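To start, the structure itself, in structure tokens.
The values are calculated or read from the model by the stated rules, or taken from the named source; none is laboratory data. Since the model is a prediction, treat every value here as computed from it, not as a measurement. In this analysis, Cβ positions are derived from the backbone assuming ideal geometry, glycine residues included, and neighbour counts consider all displayed protein chains.
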Amino acid sequence: MALKFLVVDDSVTMRRIVANSLKAIGYETLVEAGDGKEALSKLSSDDSINFIITDWNMPEVSGLELVKSIRSTDKFAKLPILMVTTRGLKEDIVEALQAKVNNYIVKPFTPQILREKIDQILASA
Amino acid sequence: MDNNSNMDQVFEKLGELKSFFIFGQKVVPVIQSIIDFMRDVVPLMEYVNNSIQDSASKIPKAASQINSVTNATEMATSEILDIVDSMAMDLSKIKNELGDLKNGFFNQRVALESFGNQHPNLNGQFEALQSGLSIDDLETKVVALEEIVKKIENDSNNITLSLQVQDITSQQLASVNHLIHSVQMRLSKLMNDLSKKGPVDMSDIEAEDENTRSATFNPDARYEKNSNKQDLANELFNSGQKTSQDEIDKLFGK
């Protein structure tokens, strides 16, 4: 299955870094959004998006709110979501897990970790 | 008799007056020290008040400077990423060229072998030709160049990864800005409430201070290359995904 990623982060730098890392591990098709609100809009207008990589702390709609919003709809209930964030406290990770994020990366990350998490999510899908 | 009684009253009053003077003698130094204290404290209070006003007026500039730093580092990071991207494209071209060279060497070897098979009696000239072309040496150099290209690619990947520090530090700076904003709010409220001479109520500001979980920054953001936090995330996700949602909620007390 060809993957089309939606990379959601309010930092332009991080979006580029995630895009470069995806490219380094062989994934080139992606669209970007600067916050959760824009992500929801892109998701509703682009049916080919089949993987989301999102930050947590963002304006308008945060990454966690985005995940909860996505999971509340039947259409996207099983859409793979990988959270990439600076939040590394136990309560944060548990909150993400409870919101049904598929996997979790704490920044800074390497392309190897990104590949490992994407593979794990795809294997369990 | 009446005169005696009057005199008694006079002496009694004189005694009271004397006690009053004695008390006054004791109190006057205390009052004097209070006046001295006030004389010292009033300018100090004025100084504190001026300092608060001065600090409050400087805060917006400090916040603006922090934003400038964030914008400048984001711009610089973007420029570095542009250069890294350009390097990656050049490296990709070099890799393709080196690949073509290796294919060329392979084709030359095949052609030489075919030539040698077709002309078996060249009296050592074939070997001289082979030696002159030095395909093996050139191929070894190409392989070494490929290794160098690989190393440069790896280094440029590491540069990209290190640039994540920009996002992390910008969150730390946003957190500092939030604190500065909070201090400014407190000072403004303090000045306002002091002028009203009423009790100072900070409850709304304190509520705002605590509301950082939904903020656009993480006050605990750290640039750490050790994997402790990632290991914790792996552990929680590995154990969490094996259990039901109800069990997760129960496990973490929700």
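Key figures
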| read-out | value |
| --- | --- |
| Filtered residues of the stretch A:1-35 (kept if more than 7 Å from chain B (Cβ to nearest Cβ), touching a residue at least 12 places away in the same chain (Cβ under 8 Å), closer than 27 Å to B:Thr70 by Cβ and not in a strand (DSSP E or B)) | A:Asp9, A:Arg15, A:Val18, A:Ala19, A:Ser21, A:Leu22, A:Gly34, A:Asp35 |
| Residue among B:Asn121, B:Asn107 that is away from every other protein chain (no Cβ under 12 Å), part of a helix (DSSP H, G or I) and either surrounded by 12 or more Cβ atoms within 10 Å (Cβ to Cβ) or without any contact (Cβ under 8 Å) to a residue 12 or more places away in the chain (or both) | B:Asn107 |
| Answer residue from the stretch A:73-96, given it is surrounded by fewer than 18 Cβ atoms within 10 Å (Cβ to Cβ) and without any contact (Cβ under 8 Å) to a residue 12 or more places away in the chain and is nearest to B:Asn218 (Cα to Cα) among those | A:Leu89 |
| Looking only at the stretch A:111-125, and only at residues there that are in contact (Cβ under 8 Å) with a residue 60 or more places away in the chain and buried (at least 17 other Cβ atoms within 10 Å of the Cβ), the one that is farthest from A:Thr54 (Cα to Cα) | A:Pro111 |
| 2 or more residues at pLDDT below 85 and under 18 Å from A:Met14 (Cβ atoms): qualifying helices (runs of 4 or more DSSP H) within the stretch B:154-250 | none |
| Segments classed as helices (runs of 4 or more DSSP H), wholly inside the stretch A:36-113, with at least 2 members that are within 11 Å of another protein chain (Cβ to nearest Cβ) | A:63-71, A:90-98 |
